[in-house]
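Down below is the structure, laid out as C-alpha cells.
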Amino acid sequence: MLETGQFTTSEYTTRLIRDPKPRILYILPLYPDRIIQHALMNILQPIWDKKLIYQSYACRPGKGQHKCSDKISECVKKYKYCALTDISKFYPSIPHKRLYKIVERKIKDKRLLVLIKDIIDSVEGDINVPIGNLVSQHLGNLYLNELDQYVSHELKIKNSPRYMDNKAYFGNDKQELKIVLDKVEKFCIEKLELKLSQKEIVKCSHGVMFIGYRHFPGYVLLKKRTAKKTKKAIKILPKQLKAKKITYVQYTSSLGSRKGWAVHANSHNFCESTGLNKLFDDARQHLKEVKMRGFPKYSDISTKYDVENLKGTFPKETKKFLETIMNDRFIWVTTGTLEHKEDGITDETHRVIEVYEDIPDDEIEGKLNRVITGYAQQEFIEDSNARMFRMGYTLEEIEILIESLE
C-alpha cells in the first residue's frame, strides 16, 4: 500500500476517557494503520529526537517521567522560584498547517511527507492531533520543540524541563520570570496558536507540583490527588478481584504500577500505612506459587475467567489450549443411510462410514459376529455445544485472543 500510494488512514473509533480531565481517545485498527505508524516512527523517531533539547522528557528513549522528576528535584535545590505553564487542550488545539510546516522543515522525502500529511489531516477540521495515535505523541513533541528552542536560545533560560505540554522555568528573580511567562504566552498565541491554561510562579521552598509529584528541596512527595487515587484503588482492587472483575495478573500489575509510582517519592510510610507494600508482596507471592504449580489440566479450565487468569502467567500454554478447543469445535454427524458406499459423498467435510450389526453365530452359542449391514453418510459440522461455545467464546473472540498471545 505504501509503495503504490494506496494507503490512507482508516476511520477512527472513539472513546471518552477521564484521567481525570475528559478526553476523546481515537483508536485505529492494528492493520494496516498501527503497523504503518510503528514502521514510520522506527525511522522518524531517531531523526526527530536529535532536534529536541536535552530537557524534553516525554516519549524519548532514556527519558520519561521519573527522569523529568529527578531534574525538577535537582533544580528546586538550586533556584528560589519556578514558573509553570500548561497548554489548554493541547492535542485538540494543534493546527494542522503550522504542524505540517514544521514537519516539512525536518523531512524532505516527498512520499513520506504525503503519508505524514494524511495522518495529520485524518480528523475533520483544521486543528486536532488525535490522542491515541503513536505518531501524535511525537508530533506533539516536535510542535512544542519550537517553544523549547525559543525559551533556551531567545530567552536564555538555562533550566526549563518539559514533559509534553507541562513546562517549568527556573530562576532566582521573580520579576524576570514574570517577564518570561508573558513572552512565553505571547509566543504560544502568535507562533503556535495555543493558549495557556496555567501560568504561575511558585517558591521552590514551598514545593513545585509537576507530573504527579510535589518537589521540595531535599525530598519528593506524591501529589495529593495521586495519593488519594492510590488509597481508593487499594480499597477497590481486592473487591474487584474477589468479584472476578479483574484477573490476578491485572490485580498484581495495577498494584505494581502504583507502587512503582510511589517508590520514586519519599513514600515509605505511605506505602506501609495504606497496606500497599503488603498487598503487592502477597500478590507477587501468589503468582510465584501459581507458576510453580504449572499449567493446569485442560479439563480444569472451564471459564473465560480461568483463561484470563492463565494467559498472563502462561501465554504459550494458554494459546495452545485455545487453539485446541477452537479446532475441537467440529464433529462428524450422520446425515443419512446408504445402501452402497459408492452412493455417498467423500471430500474434506463429508465421509461414508460402514454400519455394523452384531449377529449371533449359528455354530457357536453366545458368540456374536460383527457384520456390515449398510453405510452411512456423515458431515463434518461445527458443534454448537462445543467446549469453546460452552465457555462463552465466539470464533472471532478466540481468534483475536490467540493472536494477542503470539
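The values are calculated or read from the model by the stated rules, or taken from the named source; none is laboratory data. A quick note: this is a predicted structure, and the numbers were derived from the prediction, not measured. Here the Cβ positions follow ideal geometry from the backbone for every residue, glycine too, while neighbour counts run over all protein chains shown. Keep in mind that these areas ignore ligands, DNA and RNA; they rest on the heavy atoms of the full protein, side chains included. Shrake-Rupley method; radii C 1.70, N 1.55, O 1.52, S 1.80 Å.
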For a label point 7 Å along the Cα-to-beta-carbon line of Tyr54, residues of the stretch 151-167 with backbone N under 20 Å | 151-164, 167
Give me the aspartates and glutamates in straight-line cross-link reach of Lys203: C-alpha distance below 15 Å, same-chain residues under 8 apart excluded.
-> Glu74, Asp173, Glu176
Where does the charge balance sit around Leu194 when Lys and Arg score +1, Asp and Glu -1, over other residues with C-beta under 11 Å from its C-beta?
-> -2
How are the Cα pair distances of the chain distributed, in percent, across 20 Å bins from 0?
-> 19, 40, 26, 10, 5, 1
For Val76, net neighbour charge (Lys/Arg +1, Asp/Glu -1) across residues whose Cβ lies under 12 Å away = +4
Nearest-0.05 FRET efficiency for Lys183 and Ile43 at R0 = 41 Å, using Cβ-Cβ distance, is 0.70
Just the number, please: carbon plus sulfur as a percent of the accessible area of the chain, 1.4 Å probe, no ligands or DNA/RNA counted.
-> 51 percent
Roughly what angle does helix 110-120 make with the longest principal axis of the chain, taking Cα atoms, 0 to 90 degrees, to the nearest 10?
-> 90 degrees
Tell me, what is a quarter of the convex hull surface for the C-alpha atoms of the stretch 72-221, in nm² with one decimal?
-> 9.3 nm²
Within the chain, helix-based [θ] at 222 nm, where runs of 4 or more DSSP H residues each add -39,500 (n - 2.57), nearest 500 = -13500 deg cm²/dmol
Mean Cβ neighbour count within 10 Å, used as a protection proxy, ranking 113-122, 351-360, 266-275 highest first | 113-122, 266-275, 351-360
Per residue accessible area of the chain, 1.4 Å probe, in Å² = 60 Å²
Find how much the distance from Gln240 to Lys101 grows on full extension, using 0.36 nm per residue of separation minus their present alpha carbon separation; answer in nm with one decimal.
-> 45.2 nm
Considering every pair of different Cα atoms, what Kirkwood radius, in Å, is found for the stretch 176-317?
-> 18.8 Å
Place +1 on the Cβ of every Lys and Arg and -1 on the Cβ of every Asp and Glu in the chain, take the dipole about the Cα centre, and give the residue among Gly218, Tyr31, Ser384 whose Cα lies farthest towards its positive end.
-> Gly218
Run through all the Cα pairs of the stretch 317-356 and give the fraction in each 5 Å bin from 0, expressed as whole percent.
-> 5, 18, 22, 15, 10, 11, 9, 6, 3, 1
Using alpha-carbon coordinates, inclination of helix 395-404 to the longest axis of the chain, degrees = 50 degrees
Angle, helix 315-327 long axis vs. longest principal axis of the chain, Cα atoms, 0 to 90°, nearest 10?
-> 40 degrees
Fully extended, how many nm does the chain gain between Lys67 and Thr349 (0.36 nm per residue separation, minus their Cα-Cα distance)?
-> 95.4 nm
Estimated FRET transfer efficiency when R0 is 25 angstrom, pair Ser404-Lys288 (beta carbons, to 0.05) = 0.55
Restricting to lysines and to Cα separations under 19 Å from Lys228, and discarding same-chain partners fewer than 8 apart, the set is Lys21, Lys239, Lys259, Lys278
Using Cα centres only, tell me the gap between the stretch 44-106 and the stretch 134-160 in whole Å.
-> 5 Å
Mind giving me the nanometre distance, one decimal, between the label points for Trp332 and Phe7, set 7 Å out from Cα along Cα→Cβ?
-> 4.8 nm
